[in-house]
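Please read the structure below before turning to the comments.
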Amino acid sequence: MVAREKKTVLVSGASTGIGRATVRRLAARGHRVFAGVRREEDADSIREDAAELKGAGELEPVQLDVTAADDIRAVAERFEAEGLSLDGLINNAGIVVACPLEALPLEDLKRQFEVNLFSHAAVTQALLPSLRAAGGRIINMSSIAGRISNPFMGAYCSSKFALEAYSDALRMELAPWGIRVSLIEPGPIKTPIWEKSNQAATDLEERANEEQLALYESGIERMRQVAEFSVRTAPEASKVARCVSHALESPFARRRYPVGHLIWLQLYAGLLAPAALRDWATGLVLRWRAGSRR
């Protein structure tokens, strides 16, 4: 299916997972898509996808480490030099830092926010002139974890809660220029980010305080089991990409797009249930109950 109107779009974090599924879908629908990647091998892979495109769409990799000011500046300067108006900015890049907050080194907490929040703000600020010229749209990749927090995922959840608040404020501030801001809120999705997060968690454990970490050992192991089961039964990244294309193309783009199996039940049960009940249910699933470590 080809989009009715060809748009110029930039997607960060496009090398794998949701970002990769998104650039493939948008290009297939006839858009001109710039796929932000950090490594040359990922750029080569994007070029292979571009060679297989059929129809009017275009797909081009661009060097974009969202934590590197020089990369962000270079992309913005290119858009300005070529007179390109940006119809869509999809802030997708992200990492998962998983660790009990007591044992989490502060530099890792800062890194979590640097990638999941501050980098998106930097990219958005740099490209807003181009977005304003086009009356474009900003689509931020959040998570159900931006609405409901879980133990041992406090850093990640906090960064997504912050992104939700940032996006809400940005949406209202940019409304006079007709710039829409949408949030995509996936539940568990089959993507490499979970494999990467497991490796990152292992690396982090080597730096964390061993005595503090040992206090949470059984809860961490149970959380890993629950996460692995959730990902095994999760939908593919293409389901998220469909929400992104709706947020980009539809005249009735929504402010939020929860996406995943039984996501509405999870979301509203989590938000409407009393906090005490949520805490009890989470503790029951993780076998991490109040008073059990006294």
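Can you tell me which residues in region 252-270 are more than 19 Å from residue 167 (Cα to Cα) and either without any contact (Cβ under 8 Å) to a residue 12 or more places away in the chain or surrounded by fewer than 12 Cβ atoms within 10 Å (Cβ to Cβ) (or both)?
Of everything in region 252-270, those that are more than 19 Å from residue 167 (Cα to Cα) and either without any contact (Cβ under 8 Å) to a residue 12 or more places away in the chain or surrounded by fewer than 12 Cβ atoms within 10 Å (Cβ to Cβ) (or both) turn out to be 262, 264, 265, 268, 269.
In region 142-180, how many residues are hydrophobic (A, V, I, L, M, F, W, C), outside any helix (DSSP H, G or I) and touching a strand residue (DSSP E or B) at 6+ places or on another chain (Cβ under 8 Å)? Can you show your working first?
Here is the first cut: in region 142-180, the residues hydrophobic (A, V, I, L, M, F, W, C) are 144-145, 148, 152-153, 155, 157, 161-163, 165, 169-170, 172, 174-175, 177, 179.
Next, only the ones that are outside any helix (DSSP H, G or I) stay: 148, 152-153, 179.
From what's left, touching a strand residue (DSSP E or B) at 6+ places or on another chain (Cβ under 8 Å): 179.
Final tally of qualifying residues: 1.
Return the residues of region 102-114 that are more than 21 Å from the chain's Cα centre (by Cα) and either under 13 Å from residue 157 (Cα atoms) or aliphatic (A, V, I, L, M) (or both); say none if nothing qualifies.
Hits for region 102-114 are 103, 104, 106.
Which one of the conditions (1) closer than 16 Å to residue 100 by Cβ; (2) assigned to a helix (DSSP H, G or I) does residue 293 fail to meet, given that it meets all the rest?
Just one mismatch for residue 293, condition (2).
Looking only at residues that are of a type in the set (Ser, Thr, Tyr) and in a helix (DSSP H, G or I) in region 188-235, which one is modelled with the lowest pLDDT?
Among those that are of a type in the set (Ser, Thr, Tyr) and in a helix (DSSP H, G or I), it is 197.
Hey, among 285, 231, which residue is in contact with a helix residue (DSSP H, G or I) (Cβ under 8 Å, 6 or more places away or on another chain) and surrounded by fewer than 14 Cβ atoms within 10 Å (Cβ to Cβ)?
Answer to the check: 285.
For the structure I just gave you, tell me whether residue 244 is among the β-branched types (Val, Ile, Thr), under 30 Å from residue 138 (Cα atoms) and modelled with pLDDT of 85 or more.
Answer is yes for this residue.
Considering only region 255-278, I want to know if a residue exists there that is outside any helix (DSSP H, G or I) and either within 30 Å of residue 106 (Cβ to Cβ) or in contact with a Cys (Cβ under 6 Å, 6 or more places away or on another chain) (or both). Walk me through how you get there before you give the answer.
The first filter runs over region 255-278 and keeps only residues outside any helix (DSSP H, G or I), leaving 255-262, 273-274.
Restricting the remaining residues to those that are either within 30 Å of residue 106 (Cβ to Cβ) or in contact with a Cys (Cβ under 6 Å, 6 or more places away or on another chain) (or both) gives 257, 259.
For region 255-278, residues outside any helix (DSSP H, G or I) and either within 30 Å of residue 106 (Cβ to Cβ) or in contact with a Cys (Cβ under 6 Å, 6 or more places away or on another chain) (or both): present.
When you scan region 117-137, do you find a residue that is of a type outside the set (Lys, Arg), more than 29 Å from residue 220 (Cβ to Cβ), outside any helix (DSSP H, G or I) and out of contact with any Pro (no Cβ under 6 Å at 6 or more places or on another chain), even just one? Working first, answer last.
Step one: list which residues in region 117-137 are of a type outside the set (Lys, Arg), which gives 117-131, 133-136.
Now narrow it down to the ones that are more than 29 Å from residue 220 (Cβ to Cβ): 121-131, 133-136.
Among the residues that remain, those that are also outside any helix (DSSP H, G or I) are: 135-136.
Of the ones still in play, those that are also out of contact with any Pro (no Cβ under 6 Å at 6 or more places or on another chain) are 135-136.
Checked against the condition, which is being of a type outside the set (Lys, Arg), more than 29 Å from residue 220 (Cβ to Cβ), outside any helix (DSSP H, G or I) and out of contact with any Pro (no Cβ under 6 Å at 6 or more places or on another chain), region 117-137 yields at least one hit.
Which pairs do you get when a residue that is within 12 Å of residue 75 (Cα to Cα), found in region 121-147, comes within reach of a residue that is of a type in the set (A, V, I, L, M) and part of a strand (DSSP E or B), reach meaning Cβ atoms under 6 angstrom, with the pair 6+ apart or on two chains?
Once the first residue is within 12 Å of residue 75 (Cα to Cα) and sits in region 121-147, its partners that are of a type in the set (A, V, I, L, M) and part of a strand (DSSP E or B) give 127/89.
In the list 146, 136, which residue meets the criterion of being surrounded by 18 or more Cβ atoms within 10 Å (Cβ to Cβ), modelled with pLDDT of 95 or more and either within 16 Å of the chain's Cα centre (by Cα) or β-branched (Val, Ile, Thr) (or both)?
Selected residue: 146, the only one of 146, 136 that is surrounded by 18 or more Cβ atoms within 10 Å (Cβ to Cβ), modelled with pLDDT of 95 or more and either within 16 Å of the chain's Cα centre (by Cα) or β-branched (Val, Ile, Thr) (or both).
The values are calculated or read from the model by the stated rules, or taken from the named source; none is laboratory data. Keep in mind it's a predicted model, so treat the numbers as computed, not measured. We place every Cβ from the backbone using ideal geometry, glycine too, and count neighbours over all the protein chains shown.
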